[in-house]
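What follows is calculated from the coordinates using simple rules that are stated; it is not laboratory data. Since the model is a prediction, treat every value here as computed from it, not as a measurement. Every residue, glycine as well, gets a Cβ built from its backbone with ideal geometry; the counts of neighbours run over all protein chains shown.
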Amino acid sequence: MMEVDGFSESDELDLNFPEEVVKAIQEILPSDDPFDAPDFNTVDYINSRFPAEQSLQHIDDVLEEMRLKITSTDDEIRTVVRSLTNVDQDGKASLLHAQEAIAELFSRFQDIKVRAGESESRVKEITRDIKQLDTAKRNLTTSINTLNHLQMLVEGVHKLQQLKARREYGEIADLLQGVMNVLDSLNRYKHIPQVADLANQVDQIRNALECQILEDFQRAFHGPNARRFAPSKELAEACLVVSILDPKVKCNIIDDVVKTQLAEYEVLFAGGESDAWLSKVDLRRKWLLKTAVEFEKTLAAMFPPTWQVPARLALAFCELTCTQLSQAMEMRTHDVDVATLLHAHKVMSELESLLIRKYVGFQANELRTPRTSVSTNPFEEAGDGSGNKPNGIKYPLNGDSTTDSAAKSPFDGAICKCFHPYLKVYLENVDKHLTEQIEKFSTEMKNYRFEHIDAEESNVVPCCGELFTIYKNVLVEFLRLGPGECLGGLTKVMQKHLCEFAGRVLRTALPKVGGNIPMPKDLNMKELTSVLAQVQTLWREGDSPPHLSDDDVRRVCSVLVSAEYCEEMTSRLESKLKARSPTTLAHSISLSHEQDLFHAVLSQCIALLVTHVETLCDPPLISMIKMNWLLEQTGDQSAYITAISQHIASAVPLVRHNLHTSRKYFTRFCDKLAATIVSKFVQQVYKCRPINSLGCEQLLLDCHALKAILLELPVVGSQVRREPPQAFVRMVVRGLARAELVLQVVMGEYDTHSDLVDKFIRILPDTTIVDFQKVIEMRSVKDRAAALETYRQKALSAAGVSSLAPGDLHHHSVTNTSIHVSSVSGGLPSPEHEMSKIARLERMLKSRRLIS
């Protein structure tokens, strides 16, 4: 057995590689040899070499070829195996060479490291002396500076003591600041007794200066010569010293000066004095202006500008005035009236605005350097420091009662806040004034003439604009008197009179038809619907249906437009009130109830207009059932359709002209009018009997004509042609399609009741047995009970009901059966059929005395 480098021919090797490996080998070493194919099959290969029996004669040649190929392959394998052995030896030699190179490189690194250490030692030896010299220089410089500072401090302390004794405050101010700076630089040496002793001497000098300067000011303002006191250079220089001392000293001096200046004012305008009342606030303003001018001419120059003494004097005046006015109003609460309150507020508000503009950037809590006030109000105009409040007084927006201190002046509301507890007096006056105005508007509306208007002219009644102008002025005036936190009371007053305006002015201006229905005071949407339902019931079932003249139509349209205007303005008023209220109050402010009231008046106007046109169209529709529908031939549209067209053409243009500013509600008027006419027409179609096929065809022609008339309803009589809204078109087409389908059922030819019922259910799947009963009445079916029984069975069968208790069906129980069948069959009756079912049920129960 032949062996090749330890492998024998008998050894079996598993040479089945994964498919990915085989593909990779083929890409690197492409081969056409069939033995290299991954799916090599020996049987297939032999068959390909010996396809026929005659080819076996070449078997010896093939075997010789295979032996040569095997020998060649063995040689290649032997060569590869030997080469692998040589590669292993070469790799070991290369690894050994690399290790030797690494060892040599490490040796060189060690040598470099040793040399670097030696170099560092040499550098340290060279620079050691230089570092010592640098340290000595630094210490010497520090010592010299410290000694200089110490000498300056000693000389400064000695000189300060001399200057203090001579009260030479000008030199003291400059020297004291320098001494304080030098002492700060010696803080780290205070543990040294000499330095600590000097620091104590400086503190004693500061304390002595504070007491001495306060005594000087006390002697100047309260001494024997206080009345003849004139500003002196000595006190002016003393103020410069005070700016360096404890800030409390400056506050004490300012407070003393302000108190001295206001001493006379405090006595003249005390709470019990005659000049302290609200009507005399002009005297207070004059006193301040006079005193401020005199102070700035005399004493103001004595104080540094950074102290802002004139501004602090004005602020103290405002605080004292607020206290005195509060005391005066508390003592004479019953004498506080609106005129006096508004006058006092106006004068004081203007004074606050003047002070805000004069002392721009002043902040009461600033003791040293003033800051320029930067407004954070995005609505404030450039160059206008008055904010968003008239007369220059700023009010916070969106309910913020506190704003940035840099943006809000301390004079803002400093006096006027004393009037806030007495806003109820103003609200009572507003309530009284609005009550008188509502009464006046009610009287004016009774005598108001609703004349013809031009196309560009608005027909909103003038009193609506007057009411909301009054509301605007009241709101502006109220915000001057008080902050947004007090808007809750004003909102209640406004709500009260909006309700009165809707009921006593607008609603009473409507024609008296249906006017006897009372409107509840606290009306919600459910009660609104109830009121309108009562009104429509009276109009439809009363003895005298509303017939409006042209003047009445103009009146109703004007009230409608006015109610729409009031509803919109009420919404804007609500937004304005919420914007001016704090966040905690804004969510509780709502005028939706008042908007509902105006909307109720608006809906009542639309119902009046619809009923007016409906009343005109009722006689032609009623005449349908009086006509003979057993026709021999069809013609043009019937006379009643022509009459309906004429009534619409005469009534609707006047409504459209007077609602030209309210297209939305004119469209709603057209929707309701068309729905009403369609509903009545369908009901009248059921009553047209007896009728034959030609009669049904004539009714179909009339139905198409009525559809064309109603689709032109929004633009009838108008020179401007517009396409009607798609929703309106769908409503008209869908409503009249029901009548067309009923007529198609009626005019058909049927052999049996079953054919009639099948077509009825197929064409009108959403109807009830009541509708079917009307159809068989129109067809004058003789055996109605059998037809109804057939319908009942098919309806139950379609609903999947297996059985129903049998019973005789007679004429008086039709309604009861229809209700039962409709509930079982799941039909969805239309609104007019639902009303018809309820009315029939009530009549049946009354006839059987089941209800009273």
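Things worth noting here:
- Order by protection proxy (mean Cβ within 10 Å, highest first), peptides 649-661, 162-174, 73-85: 649-661, 162-174, 73-85
- Computed from phi, the 3J(HN,Hα) profile of the stretch 428-436 under the Karplus parametrisation 6.51, -1.76, 1.60 (θ = phi - 60°) reads 4, 5, 4, 4, 5, 5, 5, 4, 5 Hz, with x in place of Gly and Pro.
- Integer Hz, Karplus 6.51/-1.76/1.60 couplings in order for the stretch 698-710, x for Gly and Pro: 5, 5, 5, 4, 5, 5, 5, 5, 5, 4, 5, 5, 5
- Shape call, the stretch 626-779: gyration tensor on alpha carbons, a/c limit 1.5: prolate
- Relative exposure of 349, 571, judged by other C-beta atoms within 10 Å (fewest first): 571, 349
- Shape of the stretch 89-194, Cα gyration tensor, a/c cut at 1.5: prolate
- Extension gain (nm, one decimal) between residue 758 and residue 61, 0.36 nm per residue minus Cα-Cα: 241.4 nm
- Derived scalar couplings between HN and Hα for the stretch 74-89 equal 4, 4, 5, 5, 4, 5, 5, 5, 5, 5, 5, 5, 5, 4, 5, 5 Hz in order, rounded to whole Hz, by the Karplus curve 6.51 cos²θ - 1.76 cosθ + 1.60 (θ = phi - 60°), x for Gly and Pro.
- Here the stretch 73-96 is scanned for amide nitrogen atoms under 20 Å from the site 7 Å beyond the Cα of residue 40 along Cα-to-Cβ, giving 73-81.
- Kirkwood-type radius of the stretch 17-154, with distances r between different C-alpha atoms, in Å: 25.3
- Pairwise label distance in nanometres, residue 142 with residue 71, each label 7 Å out on the Cα-Cβ vector: 10.2
- On full extension, the segment bounded by residue 212 and residue 689 gains 159.6 nm, given 0.36 nm per residue less the C-alpha separation.
- Taking 7 Å steps out from each Cα toward its Cβ at residue 456 and residue 551 produces label points 2.9 nm apart.
- Expressed as a fraction of 2.2 N^0.38 Å, the value expected for a compact globular protein of N residues, the C-alpha radius of gyration of the stretch 290-356 is 1.41.
- Between residue 248 and residue 593, the FRET efficiency from the beta-carbon distance, with R0 = 60 Å, is close to 0.55.
- Anisotropy class of the stretch 159-200 from Cα gyration tensor, a/c 1.5 cut: oblate
- If R0 is taken as 41 Å, the Cβ-Cβ distance between residue 158 and residue 264 corresponds to a FRET efficiency of 0.35.
- Label-point separation in nm, residue 27 to residue 192, each point 7 Å along Cα→Cβ: 8.6
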